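We did not get these values from a lab; they are worked out from the coordinates using the rules stated. Keep in mind the model is a prediction, meaning the values are calculated, not measured. Here the Cβ positions follow ideal geometry from the backbone for every residue, glycine too, while neighbour counts run over all protein chains shown.
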Amino acid sequence: MKAAERSSHPRAAFAHRDFRLYMLARFLAVVGIQVQSVAVGWQVYSLTRDPLHLGWVGLAQFLPMMLFALPSGHVADRFERRRILMLCFLVTALAALTLAASSLRAPRLWLMYSLLVVLGTARAFYGPAASALLPSLVPKGDFANAVAWSSANWQVATIFGPALGGVIYGASGAAAAYFATAVLVLGSAACLAALRACPLAPPAQASSLSTLLGGIAYVWREKTLLGAITLDLFAVLLGGAVALLPALAKDVLHVGPGGLGVLRGAPAVGAALMALVLAHRPLRRRAGVVMLISVAIFGLATVVLGFSESFALSLGALAVLGASDMVSVFVRQNLVQLGTPDAMRGRVSAVNLVFIGASNELGELESGVTAAWLGVVPAVIAGGVGTVVVVGLCALLFPALRRVDRLEELHVSR
């Protein structure tokens with residue numbers, strides 16, 4: 001198959017061996033982390049019956065991600081990204097095994113929060129390295145296809161992982177769930193070890209404060225990137241209803257850990273279906289406007305979730321929420337990766353991680369605090385309304401984002 005023909009094929013990215021291995025590694029890791037997330041959320045809420053503690057879970061992971069965001073991006077641009085990922089997965093496995101051992105006895109919140117800090121640190125270094133590695137696995141012409149399939153892979157894992165976590169927790173308890181996480185992430189590390197080595201070219205500049213802050217300077221200069229990242233930052237920060245799902249499941253919908261696992265997987269169902277649509281029918285025009293509309297739909301779906309007292313309606317709202325978020329992720333990933341030189345992808349991805357990845361945990365804190373003040377249901381509704389307001393503000397403040405048209409025509413600023 002010729003390169004031009006392969007690039008137009010819906011599964012063009014799978015023609016590349018390293019991409020296939022990366023997909024398997026990503027799937028195993030995400031399933032394992034999702035199993036652990038369900039177990040932590042359910043265990044903490046069962047021990048405390050206080051939604052504020054669900055916020056502390058997010059804060060414990062957010063703080064190290066914020067602290068190490070800039071150094072992690074710098075590391076991803078100066079060392080082999082594959083080895084960074086393998087080390088992160090080894091640390092994650094050790095933390096999961098420690099959680100398992102603790103759960104066999106009387107679990108202690110201080111130890112759980114301490115291990116969440118360790119996991120947050122591993123994620124701080126994982127995020128920039130993983131994002132920067134993907135473009136090196138496929139030719140540029142296949143990158144949009146790779147983003148769609150990588151996102152679909154992540155979403156399918158996010159469907160399967162919470163459901164698996166709920167089943168394991170319900171059948172065998174928290175320790176078994178944490179042990180399963182360790183096995184899965186070690187399998188992911190083994191897949192990464194099979195990748196061909198991806199050495200970086202020697203850096204053009206010596207390490208300095210200027211190179212450390214290079215990602216921030218680049219994003220600030222590129223208003224399209226700044227607008228896309230800012231939009232998702234506040235959307236995730238305000239619309240973080242997923243953090244409150246343990247409380248919604250137990251107190252509003254009256255379902256157990258199995259039901260929570262299904263609810264946690266519902267956004268991924270919608271997102272995976274949308275990712276498959278994008279792989280077969282990629283965005284052709286007006287990508288910036290489509291991103292703004294998709295985030296507005298995300299906010300409206302969050303409002304519906306807040307008002308819902310029906311398990312079926314909640315599942316539907318979460319599926320729509322996930323599908324709309326997938327469109328936003330697809331556009332943002334293309335903007336960040338195709339609009340950034342390879343030598344800076346780690347640092348720019350680190351900035352993206354702070355704004356987007358870490359905002360998930362900060363959003364959990366915001367949701368937990370708001371729920372403690374207002375109640376769980378009003379907190380979810382208020383977050384959805386706030387997300388819609390943010391879309392309007394970003395549309396006004398970042399006209400460059402509105403004007404983004406064809407993703408394949410993105411150019412890199414040097």
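Computed quantities for the displayed model
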{"quantity": "DSSP H segments from the chain that extend 27 Å or more along their own axis, Cα-based, with Kyte-Doolittle mean of 0.0 or above", "calculated": "17-48, 81-104, 109-133, 143-172, 174-193, 257-280, 287-307, 311-338, 376-397"}
{"quantity": "Backbone N within the stretch 143-184 under 20 Å of label point (7 Å from residue 16 Cα along the Cβ vector)", "calculated": "143-155"}
{"quantity": "Estimated 222 nm signal from helices in the chain, with DSSP H stretches of n ≥ 4 weighted -39500 (n - 2.57), rounded to 500", "calculated": "-25500 deg cm²/dmol"}
{"quantity": "Proximal charge balance of residue 258 [Cβ under 14 Å; K/R count +1, D/E count -1]", "calculated": "+2"}
{"quantity": "Net charge over other residues, Cβ less than 14 angstrom from the Cβ of residue 91 (K, R count +1; D, E count -1)", "calculated": "+2"}
{"quantity": "Point-to-point label distance, residue 396-residue 110, nm (Cα→Cβ direction, 7 Å offset)", "calculated": "4.9 nm"}
{"quantity": "FRET efficiency estimate (nearest 0.05) - Cβ-Cβ, residue 140 to residue 221, R0 30 angstrom", "calculated": "0.85"}
{"quantity": "Rounded FRET efficiency, nearest 0.05, which uses the C-beta distance separating residue 312 from residue 67 and R0 of 30 Å", "calculated": "0.10"}
{"quantity": "Qualifying trypsin sites (Lys or Arg not before Pro) in the stretch 102-172, DSSP loop, other Cβ atoms within 10 Å at most 14", "calculated": "105, 108"}
{"quantity": "Matching label, P(r) over Cα pairs in 10 Å bins from 0, in percent computed from the structure shown, candidates [x] 5, 23, 35, 27, 9, 1, 0; [y] 4, 19, 26, 27, 19, 5, 0; [z] 4, 16, 20, 17, 13, 11, 9, 6, 3, 1, 0", "calculated": "[x]"}
{"quantity": "The stretch 6-58 - Rg over Rh from alpha carbon coordinates, Kirkwood radius", "calculated": "1.33"}
{"quantity": "Per-peptide average of other Cβ atoms within 10 Å, ordering 170-179, 387-396 highest first", "calculated": "170-179, 387-396"}
{"quantity": "Cα-centre dipole for the chain with unit charges at Cβ (Lys and Arg positive, Asp and Glu negative), debye to 20", "calculated": "1000 debye"}
{"quantity": "Simple label model, 7 Å out from Cα along Cβ direction - residue 52 to residue 79, nm", "calculated": "3.9 nm"}
{"quantity": "Size-normalised alpha-carbon gyration radius of the stretch 253-317, reference 2.2 N^0.38 Å", "calculated": "1.34"}
